[in-house]
1. Would a scan of the stretch B:63-70 turn up a residue that is of a type in the set (A, V, I, L, M), within 21 Å of A:Y34 (Cβ to Cβ) and either within 18 Å of the chain's Cα centre (by Cα) or more than 9 Å from every other protein chain (Cβ to nearest Cβ) (or both)?
2. What pairs come up if the first residue lies in the stretch A:410-423 and is farther than 21 Å from A:R292 by Cα, the second is of a type in the set (D, E), and their beta carbons are under 7 Å apart, counting only those six or more places apart or on different chains?
3. Mind listing whichever residues of the stretch A:381-405 are more than 26 Å from the chain's Cα centre (by Cα) and β-branched (V, I, T)?
4. Would you be able to tell me the number of residues in the stretch A:255-270 that are surrounded by fewer than 18 Cβ atoms within 10 Å (Cβ to Cβ) and assigned to a loop (DSSP other than H, G, I, E, B)?
5. Would you say A:V201 is farther than 30 Å from A:E100 by Cα, crowded, with 24+ Cβ neighbours inside 10 Å, out of contact with any Phe, Trp or Tyr (no Cβ under 7 Å at 6 or more places or on another chain) and assigned by TED's automatic domain parsing to the domain that holds A:F256?
6. Take residues that are aromatic (F, W, Y), in contact with a strand residue (DSSP E or B) (Cβ under 6 Å, 6 or more places away or on another chain) and buried (at least 18 other Cβ atoms within 10 Å of the Cβ) and tell me which of the strands (runs of 3 or more DSSP E) falling wholly in the stretch A:273-334 contain 1 or more.
7. Restricting to the stretch B:71-108, count the residues that are out of contact with any Leu (no Cβ under 6 Å at 6 or more places or on another chain), among the aliphatic types (A, V, I, L, M), part of a strand (DSSP E or B) and more than 9 Å from chain A (Cβ to nearest Cβ).
8. So in the stretch B:9-43, with the set limited to residues that are more than 7 Å from chain A (Cβ to nearest Cβ) and in contact with a Pro (Cβ under 8 Å, 6 or more places away or on another chain), which one is nearest to A:E109 (Cα to Cα)?
Amino acid sequence: MKFGIPTAPLSTIAFQSVVQEDTEYFGVPLRFVYTPHPVVSMRPSVLRGYIEGKDAVTGRPLIEEVLEALTKPYTEDESKNLARVRPIPERPRLLEAGTEEKLLQLFVERGWTDGLPIVLPTEERVAKMLAGTRQPPDKLVGKAFMVDTQENLRITVETVAIAAVMAGARPEHLPVLLAIATTGQPAIQPSTLPFASGLLVNGPIRNEIGMNAGMGALGPYNLANAAIGRTWTLMSIVWGYARRKRTFWTSQGNNFTYNNLCMAENEERSVWEPFHVQKGHKREESVVSLFRGWNLLNSTGAAARRSWGEEVKLQMQALPALYSAATLILDPMLARHLKEYEGFQTPLEVGRWISENVKMTAQQFWTNDIIDMLVAPLAMSGVQPYAGWKQVPAETLIAPYHRPDKINILVVGGETSPLWKISDFDYTTTASIDKWR
Amino acid sequence: MTNPSLMSVLNPEAQRTPATEGSGAGVQSWQMAPRPSSLDGKTVYLVNQGFGGSDLFMEQFQAWFAEHMPSVKTILKRKTGFIFRDDTTDLWKEIKANGDAVIFGVAG
């Protein structure tokens, strides 16, 4: 939006390429000034040093650049539109033929792997993969937006099948992968933050394709879980969501992105309605639900000396409670215990208990960077309960998981112990698998 | 005759399609905001966009102005709306009415 206010925009040097990409797309000749990187967590004296130091691109004193940006008139030449139409390169369907060794090396060089060996997507292998769906190879599955170039990606059935072959998936896994691709949600989120993703499969297809919802469901013991999770990651990497310093800036990364917590719900052993039924689907429908967050805490004991509730309170106080989101993965044995001995008739009742009983001080809530970045603007605009939480004394206890419906309860595991996992993962969407069979 | 040791594999990249929404392509030139000849006696809004540490950065900028250009009045503000969206209007209207310039940043 244009307001006609002289502005000096600043960025750290880490995002120079983003500024360049945006300038080429939007065309506005903004006078960006670049500080060193990072700003977050730096002491005031360091930040003062940035201001009194040099522009990280031009090498000129930063303050001079800022003052010039605000006071030097734009010349006619400088006001020229900088947008340019970038030609879309040809995308040959086939790569140049080569030996297996050379092609595998090419995939590594192009960044088309997650670091592990991939299966080369030969025409024969992709054709076999495509037998996993009745849909034609050229059918549009979805689009994906690229934050660096502002371009869209056209994802077809064949595009997904290629990634599936590379990951070692089987044809029967393809409908799940096509369903994931319809969402446009990447496994690897472009960010400086170490985002992770999660996926849960519900419905008959879990058993038809041999997914593990029982013992070791979240470990490396099952082809379907492993290959489906890995394919989602390869989709992200190969399609462009992990281009270093262009769409990917996370300093440490997140190990969950190897497999995205790919799991199936143990519907047969759960005492509650399956997750997808809670979300309005029929039990006989096969769907995949996606999640996004950062952290996953394992229960380190079986709460023998401390009640489940006390243990959960301690764990959930350690998470940011962003938008009240949390996802609990309970072993069926624990779900049964909670229903039979503690009276929780539905997962929503568990969510209500958490919502009412997990508390933290307002200070703890607001001094989390993620909360400040994403929730404080809601408080500023009067959205409750956040606006109220900004007004209370710092030591006031608040109930940050204020929406029981945002607390997801999944039942996964093999009933060898009544254990659980707690995460800050938010539920994002559910997609139909059946329409891609 | 084909070489049996050579393999033919499919291109794993997705087909890119050009974006058009918001593109500046086709615009001849931009009418940038007129600049004051100096900031003496002017009001400069120091707007942090909400990324961690950007508020502290702007506080340091305010301290710098107080020491080195005391005739400049500075006002600290935080961008309203979502951090990653161009969705602010109230603050920009306030600055348009009461200010002369903006220093805006800084993520990372």
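1. Within the stretch B:63-70 (the criterion being of a type in the set (A, V, I, L, M), within 21 Å of A:Y34 (Cβ to Cβ) and either within 18 Å of the chain's Cα centre (by Cα) or more than 9 Å from every other protein chain (Cβ to nearest Cβ) (or both)), the answer is no, since none of the residues qualifies.
2. A:E415/A:D331; A:S417/A:D331; A:P418/A:D331; A:L419/A:D331
3. Hits for the stretch A:381-405 are A:V392, A:T396, A:I398.
4. Residues meeting the conditions: 1.
5. Yes.
6. Passing ranges, in order: A:287-293.
7. 1
8. Ranking the candidates gives B:P34 first.
The values are calculated or read from the model by the stated rules, or taken from the named source; none is laboratory data. In this text the structure is predicted, and so the values were computed from the model without any measurement. Cβ atoms come from the backbone with ideal geometry, glycine included; neighbour counts cover every protein chain shown.
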